[in-house]
Amino acid sequence: MPVGNVKRTEHHHTYHFYVGIWPETQDDSLPAFFGIGNEILGIDGGDSRFYDVLLGMDIISQGCLRLDLDGSFELGFPD
């Protein structure tokens, strides 16, 4: 799929995927898994040591995002 940025248009691989979150547990029990929304069409953004995936506001706005001054955050979605 051709994707334009400020420098040029490049071709990227596209993927259909689902986003899910599983919270940490205090013991070795299996965590609950939370699926977010419907199937998403995404592009390959290349290898990055800074992130695995970038979620856009179309996904984040389906839930509630809280950012704290210490750099911690909480991202929650309705059941």
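A short reminder: the numbers here are calculations on the coordinates, not readings from a lab. In this text, all values refer to a predicted model and were calculated from it rather than measured experimentally. Methodologically, a virtual Cβ is constructed for each residue, glycine included, from the backbone with ideal geometry; neighbour enumeration extends over all protein chains shown.
Calculate the tail of P(r) for the chain: the fraction of all Cα-Cα distances greater than 21 Å, expressed in %.
Tail of P(r) above 21 Å: 45 percent of Cα pairs.
Using a simple spin-label model with points 7 Å from Cα along the Cα→Cβ vector, what separation in nm is obtained for L54 and M1?
The modelled label-to-label distance comes out at 1.4 nm.
Where does the longest stretch of the chain lie that holds no chymotrypsin sites (Phe, Trp or Tyr not before Pro) found in a DSSP loop with 10 or fewer other Cβ atoms within 10 Å? Write out the running numbers ahead of the final one.
On the way: sites that count: F33, F50, Y51.
Within the chain, the longest run free of exposed chymotrypsin sites (Phe, Trp or Tyr not before Pro) spans 1-32.
Assign unit charges at the C-beta atoms only (+1 for Lys and Arg, -1 for Asp and Glu), then state the dipole size of the chain relative to its Cα centre in Debye, rounded to the nearest 20.
Dipole about the Cα centre, nearest 20: 500 debye.
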